[in-house]
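What follows draws every value from the coordinates through simple rules; no lab data is involved. What you see is a predicted model; the values in this text were computed from it and never measured. Virtual Cβ from ideal backbone geometry, glycine too; neighbours counted across all protein chains shown.
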Amino acid sequence: MNSLWIVWGIIAFIFLWAFILYNNLVKARNTCDESWSDIDTELKRRYDLIPNLVEIVKGYAAHEQRVISTVVEARSKAVASTGSPASQAQDENVLVGALKQLFVVSENYPNLKASENFLKLQQELTNTEDRIQAARRFYNANVRDYNTMIESVPSNFIAGMGSFQKREFFEIENLEMRKAPEVKL
């Protein structure tokens, strides 16, 4: 009779352990989703700032249409990007490069560099870039923890049965593109 209780106790312990691991995996997956949402919010903030910046530059540098249209196209593509973190990071690389070109153009226009609206938008964009970087670090840390849980014994058994999939990191490929756009005044 005692051995039967021991067996039932072991079975109950195994089920309790499996439930706890499963719940931890669900919590980690939801944390990844939440932190991706934070990145998405900051990217949308950046997308909202860019048209204002473009309009100010248009007023001062009307003949720089190529650079302006590149920024507008890159923004449109980045806004429409809803794929994996890797594909979104690729579109963000293009947008950051276009913004850098726009800021280089602004160097040629002293009145533009001195414009209060331009300076405010530039500061807002820099702040937004910092917020995107912080959100990206938070997301990548959560993905790292989640992926570690999925790959580690014994939680990998529960992850396999629960169809938990590894997540991609949100990485910007080019190290130079990791910097926020800068303008020397």
Inset, instruction - Might you report the magnitude of the Cβ-based charge dipole of segment 22-178 about its Cα centre, with Lys and Arg at +1 and Asp and Glu at -1, to the nearest 20 debye? - result: 80
Legend entry - Mean ellipticity per residue at 222 nm, deg cm²/dmol - from DSSP H runs of n ≥ 4 across the chain, formula -39500 (n - 2.57): -27500 deg cm²/dmol
Inset, instruction - Relative to the longest principal axis of the C-alpha atoms of the chain, give the angle of the C-alpha long axis of helix 85-106, reported between 0 and 90° and rounded to the nearest 10°. - result: 20
Legend entry - Lysine pair number, Cα distance threshold 29 Å (strictly under), segment 22-178, separation 8 or more or different chains: 18
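Quick check on the chain: what are the equivalent-ellipsoid semi-axes from the Cα gyration tensor, as sqrt(5λ), descending, whole Å?
Taking √(5λ) for each eigenvalue gives 50, 13, 11 Å, largest first.
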Inset, instruction - Give the order of Met161, Met1 when sorted by the count of other beta carbons within 10 angstrom, beginning with the fewest. - result: Met1, Met161
Inset, instruction - Quick one: grab the alpha carbon gyration tensor of segment 58-136, order the square roots of its eigenvalues as a ≥ b ≥ c, and give me rounded if a/c is under 1.5, else prolate or oblate depending on whether a/b is larger than b/c. - result: oblate
Legend entry - FRET efficiency estimate (nearest 0.05) - Cβ-Cβ, Gln65 to Lys120, R0 22 angstrom: 0.35
Inset, instruction - Could you work out how far helix 2-60 tilts from the main Cα principal axis of the chain, as a 0 to 90 degree angle to the nearest 10? - result: 0
Inset, instruction - Using only Cα atoms, tell me the angle between helix 65-80 and the longest principal axis of the chain; keep it within 0 to 90° and round to the nearest 10. - result: 20
Inset, instruction - For Ser76 paired with Glu168, estimate the spin-label separation in nm (one decimal), with each label point 7 Å from Cα along the Cα-to-Cβ line. - result: 2.4
Inset, instruction - Would you work out if segment 1-108 is rounded, prolate or oblate? Take a ≥ b ≥ c from the square roots of the eigenvalues of the alpha-carbon gyration tensor; rounded if a/c is under 1.5, else prolate when a/b is larger than b/c, oblate otherwise. - result: prolate
